[in-house]
Amino acid sequence: MKAPEHAKQPQTDRDVNMTPDAWLRLQTLDVPVLISDPDHTRRYRLARFIHENSSAQRGPFAMWSCHRDTIADISSSTELILTLEQARSGSVFFDGISRMAPALQSELFAFLTDESRDHRNGTAAPSVRIITGTSVPMLPHVEDGSFNGALLYRLNVIHIAEGDC
């Protein structure tokens, strides 16, 4: 599929190295995106750009900072579920995904594998675009067991690395 001339490109501090066809796929495929860049502002801007130029643009844009998730408890799990429900038909940007607590990784994995019916009330999972950001390589976290490899596989459908943004 050839990208139309009007395929939008993000307006960031640096040039973007993705082809128009790649941007078109990013905008038209409603799949998870992993953004790897040490600069938080660039990760956030790119996540907003993806949201605003996808089918999720009609819904809300929510942000979840995983930097605070070193210890997960019942309230964090409930907050994650509420965030996903509130972003129905929109996007959630999980920044600092490498620091997400294992219990919350399990909740997010269940959501992404469509096993995420809320076992408390039996409701179906909302339709939400998942965008994640990290400033560190993820593979070492999988190798040391601090991050769920199956979850990374689900989140890394489209990977935008530092040189791409």
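For residue 159, the residues 5 or more places off, or on other chains, whose built amide H falls under 5 Å of its own are 34. Applied to region 131-138, the Karplus parametrisation 6.51 cos²θ - 1.76 cosθ + 1.60 on θ = phi - 60° returns per-residue 3J(HN,Hα) values of 10, 10, x, 8, 9, 10, x, 7 Hz, with x for Gly and Pro. Between residue 157 and residue 106, the FRET efficiency estimated from the beta carbon spacing at R0 = 25 angstrom works out to 0.85. Neighbour counts of C-beta atoms inside 10 Å place 23, 64 in the sequence 23, 64, starting with the fewest. Between residue 61 and 91, the built amide H atoms are under 5 Å apart, and every one of these is 5 or more places off in sequence or on another chain.
A short reminder: the numbers here are calculations on the coordinates, not readings from a lab. The structure displayed is predicted, hence computed values, not measured ones. All Cβ positions, even for glycine, are placed from backbone atoms using ideal geometry, and neighbour counts span all protein chains on display.
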